[in-house]
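The values are calculated or read from the model by the stated rules, or taken from the named source; none is laboratory data. Here the structure is a predicted model, which is why all the values come from computation and not from measurement. Cβ atoms come from the backbone with ideal geometry, glycine included; neighbour counts cover every protein chain shown.
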Amino acid sequence: MKKLLLVCAVILGFAFTASAQDNEKAEFKFNEEKHDFGKIPQGTPVTTVFEFTNIGKEPLILTEVRPTCGCTIADYTKTPVKSGDKGLIKITYNAAVAAPFNKTIVVTSNAKTPQKYLNIVGEVIAKPATSSSN
């Protein structure tokens, strides 16, 4: 019986230690996770910045920010973001094709939630056809 109690106590101790360490990890808090550009003219690239705060205790390190298509470019804070500090993810969409769009950006880091998904949406409006006079 004493062995069973000892084993239970050890297991509970590990469980509490693991959950305490999980609370120490870095974590994102974004100002927004989805940005709507609305209607934008064809051929005019548009940019937005997703700002985040590290609400965890450890420094937050972004290891990859990957758009899911070649029409989107990402730039981001490359240095560790300390607890309470802010970082940026800048997304530029190349509005080459006239059509609605919904693009996802996958953010990989050392955070408690190791992958975050950001979205940009909008509609690219075709430029009016120009007539050439002869």
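Brief remarks on what is shown
- Residues in the range 1-54 that are among the β-branched types (Val, Ile, Thr) and modelled with pLDDT of 95 or more were compared, and the one that is farthest from the chain's Cα centre (by Cα) is Ile40.
- Candidates are the residues of the range 77-96 that are surrounded by 14 or more Cβ atoms within 10 Å (Cβ to Cβ) and free of Cβ contacts under 8 Å to residues at least 24 places away in the same chain; the one that is nearest to the chain's Cα centre (by Cα) is Thr77.
- All conditions but one from (1) buried (at least 16 other Cβ atoms within 10 Å of the Cβ); (2) touching a Pro at 6+ places or on another chain (Cβ under 7 Å) apply to Ser109; the one that does not is (2).
- Cβ-Cβ contacts under 9 Å between residues 6 or more apart (or on different chains), taken from a first residue in the range 42-61 that is within 20 Å of Tyr93 (Cα to Cα) and surrounded by 17 or more Cβ atoms within 10 Å (Cβ to Cβ) to a second residue that is of a type in the set (Gly, Ala, Ser) and at pLDDT below 95, are listed as Val46/Ala95.
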